[in-house]
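Everything on this sheet refers to the single structure shown next.
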Amino acid sequence: MSAILTPLFAVLGIMLLGSFTQKVRILSSDTEQVLNQYVYYIAFPAIMLIVLAETPIEGIMQWGFIAGYSLAMVFTYLLVVLVSFCTNKGRTDIAALRALNTTFGNCAFIGMPLLTILFPDNPNALTAAAIATLLSVIVFAFVLVTIELYHGKKQASPLMIVSQSLIQNPIVIGSCIGVALSALNIEVNESISIMLRQIGMTSSPCALFAIGMVLVKASGTQDEQPLGVNKAKKQDSNTPSRLNHITELSWINLCKLIIQPLFAYLFLSAFGVGEENLIIGVILAALPTAASVFLLAQRYKIKSAISAHAIMLGTILSILTLPAIDYLLRL
């Protein structure tokens, strides 16, 4: 049995527990929102800060890894946008949301716990997950700007919108503090380090539990038309036929679970990263779509049902694809 199955089943088990809890309504209906806010604003920034702060700056600035992983995301993004423009001409919001579904993997809430269990003696595993998470946050900010501009809700320049989005992001703030401490070679007080790690360690189980709850809620989601869009833009591209729905789900998960990791393997190999870092990078690229994509789709009423189903299907399919990819990488 592939070594990746043990941590993968542990991760999925926590998600299933969250789903079961939501189904039987043991906790209040807004529990997943509270958990997500706790993880987003407190726990995850804490673990990002301390992991990066206690990693030598040379270990963070892995330019080959950063370049290879970034290019894999960019090429996947552009491929999906190109195909989307062929099916929904002029809908940059739909194209951006589809591309986000295929590039924004769950590096933070699934990737980190998975790599922690899979590579317990490799400190670079968490650092790589932190780097991948930061790159994903940048893509998320870019997609947010694209959607805002399409619907005419922002008058500022795109660069200004992206900058504001990143500056206000607690994950980015925590990461920047961690990188600065590492670069300045400032040692974090041991008590503070323990505190931050203890808080940070709660991020993974809380996030996975919340994802399970969100997916149950998302399973009944129906797409709605965006508000404030003119009549020409209101064509109902969000309620495709069943065949189109299945085709779109298949395409999204093909790109996320197969094509992006393939690009990652090619680019990371081209940049000559080490064997273990290559495996880590490809596994991060092969993770299913993060639940944050559904929250964005729901907020703007763009492909929310597709996003919810893509996350659920991708998470289930990853039980097969991740062990297969891990096995092939170790041949």
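Odds and ends about this structure:
- FRET E, pair residue 9, residue 295, Förster distance 22 Å, beta-carbon r, rounded to 0.05: 0.25
- Net charge over other residues, Cβ less than 15 angstrom from the Cβ of residue 50 (K, R count +1; D, E count -1): -2
- Neighbourhood charge, 10 Å Cβ-Cβ cut-off, centred on residue 97 and excluding it, Lys, Arg +1 and Asp, Glu -1: +2
- Estimated [θ] at 222 nm from DSSP helical runs (n ≥ 4, -39500 (n - 2.57)) normalised by residues in the chain, nearest 500: -23000 deg cm²/dmol
- Placing +1 on the Cβ of every Lys and Arg and -1 on the Cβ of every Asp and Glu, with nothing else charged, gives region 1-120 a dipole about its Cα centre of roughly 480 debye.
- Cα shape, region 1-157, gyration tensor, a/c 1.5 rule: oblate
- Across region 1-129, Cα pairs under 8 Å and at least six residues apart give a relative contact order of 32 percent.
- Extending 7 Å from the Cα toward the beta-carbon at both residue 87 and residue 164 defines two label points whose distance is 3.3 nm.
- Summary value for the chain: 33 percent relative contact order, contacts being C-alpha pairs under 8 angstrom separated by 6+ residues.
- Each Cα pair under 8 Å and six or more residues apart adds its sequence gap; the mean of these over the residue count of region 46-192 is a relative contact order of 40 percent.
- Restricting attention to the chain, the count of lysine pairs at 8 or more positions apart or across chains with alpha carbons under 15 Å apart stands at 9.
- Region 1-68 and region 83-159 have Cα centres separated by 15 Å.
- Near residue 282: Cβ cut-off under 14 Å, other residues only, Lys/Arg at +1 and Asp/Glu at -1. The net charge is -1.
- Tilt relative to the chain, helix 242-254 - C-alpha long axis, 0 to 90 degrees, to 10: 20
- In Hz, Karplus ³J(HN,Hα) per residue of region 167-172 (6.51, -1.76, 1.60; θ = phi - 60°; x = Gly, Pro): 5, 8, 7, x, 5, 5
- 3J(HN,Hα) along region 12-23: 5, x, 5, 5, 5, 5, x, 5, 5, 4, 5, 4 Hz, from the Karplus curve 6.51 cos²θ - 1.76 cosθ + 1.60 with θ = phi - 60°, whole Hz, x for Gly and Pro.
- Selection among 46, 290, 172 by position relative to the dipole of the chain gives 290 as farthest towards the positive end (Cβ unit charges, Cα centre).
- Computed from point charges on the beta carbon alone (+1 for Lys and Arg, -1 for Asp and Glu), the dipole magnitude for the chain about its Cα centre is near 1380 Debye.
- Inter-part distance where region 281-331 and region 164-199 are each reduced to a Cα centre, Å: 28
A short reminder: the numbers here are calculations on the coordinates, not readings from a lab. Computed from a predicted structure; not experimentally measured. Using ideal geometry, Cβ is built from the backbone for each residue, glycine included, and neighbour counts are taken over all protein chains shown.
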